[in-house]
Amino acid sequence: MKSPLRRTLKTAAAATLTAGLLAAGAAAASAHVHVDTDDPAAGGYSHLTFNVPSESESAKTSKLEVTLPTDTPFTSVSVKPVEGWKAVITTSELPKPITVAGATVTKAPSSVVWTADEAHQIGPDEYQAFSLSVGVLPDAGTTVTLPTAQTYTDGTVVKWDEKTVEGQAEPGHPAPSFVTTAKDADAHGAAVPAAATTTAPSAAPAAAAGTSSDGGSAAGWIGLAAGLVGLAAGVTALVRTRPSKVQ
C-alpha cells in the first residue's frame, strides 16, 4: 500500500509536468509575430508594439515590414527608435478618399520598414520589440489588420498575413491584428464634452469657493476659542474643589 507521502509526491510531479507542457505550448503559440496595443479605444491614439521572435535556427532576422491599413488609414504614424535599426515610413495615395475625424484624407502612411545593421540583427532564440504611435483609430469593433513580412539573412521571407477567423483554428502565419473598443471620454481626438468647452467660466463658482474657504476658517477659530474657554472652566472648577490647607 502506497503511503500518503508517496501519493502526494507523485501528484505533485504530474502537476509539474503538466504545467511544463502547457508552458511549452504557450511559448510555441507566442512565437508568432504579434502586436499589442496599450489603448485600442476608437477615435484616439495608441502605441502598437510588435514583438518579433527569430524562429530560424541558422539565420538572423534583418528586416521587418509592416503594412498599414488603407481602408481605415492612420493619419499619424511615428516610430520609436530601436538601436541598430533604421526605420522608414512610406506615405501613399489611398485607393479612394476617406473621411477621418471630419476631414477628407487622400494620402496616408502605408508601410513602415525597419532594417538592421549587422551587429543588431535578431539571432536564434532572440526577439525584438518595435513600437509605433498611431491614430486616429477607427470606429469601435473594427479589426485592424497589419500584415507583416519578416526577412532573414539567408534570404528567407516569412509573411505573417493570414486572416484569423473566429471559431476556426489559428492559421500557421496569422497577421498581427487588434480590435478597437468603445471611445474613451477623454481620448485624444475624442469629442470634447459640452461642459468643458466654456472658455470664460463665471466668477460665481470661484466666489462660492472663497466663501466656503473663509467660512471653514471662521468655524475653526470659533472652535478653538470654545475649546480654550472650556479648558479655563475646567481648571477653575478643579481649583475650587481642592481642599484648602489647615492653618
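Odds and ends about this structure:
- Test result for VAL157, among the aliphatic types (A, V, I, L, M) and at pLDDT 95 or above: yes
Yes/no per residue for (1) β-branched (Val, Ile, Thr); (2) surrounded by 15 or more Cβ atoms within 10 Å (Cβ to Cβ); (3) in contact (Cβ under 8 Å) with a residue 40 or more places away in the chain; (4) touching an Asp or Glu at 6+ places or on another chain (Cβ under 9 Å):
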position	(1), (2), (3), (4)
THR90	yes, no, no, no
PRO95	no, no, no, yes
THR99	yes, no, no, no
ALA103	no, no, no, no
LYS107	no, no, no, yes
VAL113	yes, yes, yes, yes
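- Region 145-177, subset within 14 Å of VAL52 (Cα to Cα) and among the β-branched types (Val, Ile, Thr), residue surrounded by the most Cβ atoms within 10 Å (Cβ to Cβ): THR148
- Those residues of region 92-141 which are within 23 Å of SER56 (Cβ to Cβ) and not in a strand (DSSP E or B), in sequence order: ASP117, GLU118, ALA119, HIS120, GLN121, GLY123, PRO124, ASP125, GLU126
- Candidate set: region 122-140, residues that are of a type in the set (S, T, N, Q) and under 12 Å from PHE50 (Cβ atoms); chosen: the one surrounded by the most Cβ atoms within 10 Å (Cβ to Cβ): GLN128
- Scanning region 85-97 turns up no residue that is closer than 23 Å to LYS159 by Cβ and in contact with a Leu (Cβ under 7 Å, 6 or more places away or on another chain).
- Residue check: SER46 meets all listed conditions (1) modelled with pLDDT of 90 or more; (2) surrounded by fewer than 16 Cβ atoms within 10 Å (Cβ to Cβ); (3) under 26 Å from VAL179 (Cα atoms) but one, namely (2).
- Test: GLU83 is among the charged types (D, E, K, R), surrounded by fewer than 16 Cβ atoms within 10 Å (Cβ to Cβ) and under 29 Å from TYR127 (Cα atoms): yes
- Long-range neighbours under 7 Å by Cβ, at least six apart or interchain, first residue under 14 Å from THR145 (Cα atoms) within region 156-175, second in a strand (DSSP E or B) and of a type in the set (A, V, I, L, M): LYS159/ALA149; HIS173/VAL158
- Some residue of region 120-132 being modelled with pLDDT of 95 or more, of a type in the set (Val, Ile, Thr) and within 29 Å of GLU166 (Cα to Cα): no
- Residues that are at pLDDT 50 or above and hydroxyl-bearing (Ser, Thr, Tyr) were ranked within region 178-202; the one that is surrounded by the fewest Cβ atoms within 10 Å (Cβ to Cβ) is THR181.
The values are calculated or read from the model by the stated rules, or taken from the named source; none is laboratory data. Please read all numbers here as calculations on a predicted model, not as lab measurements. All Cβ positions, even for glycine, are placed from backbone atoms using ideal geometry, and neighbour counts span all protein chains on display.
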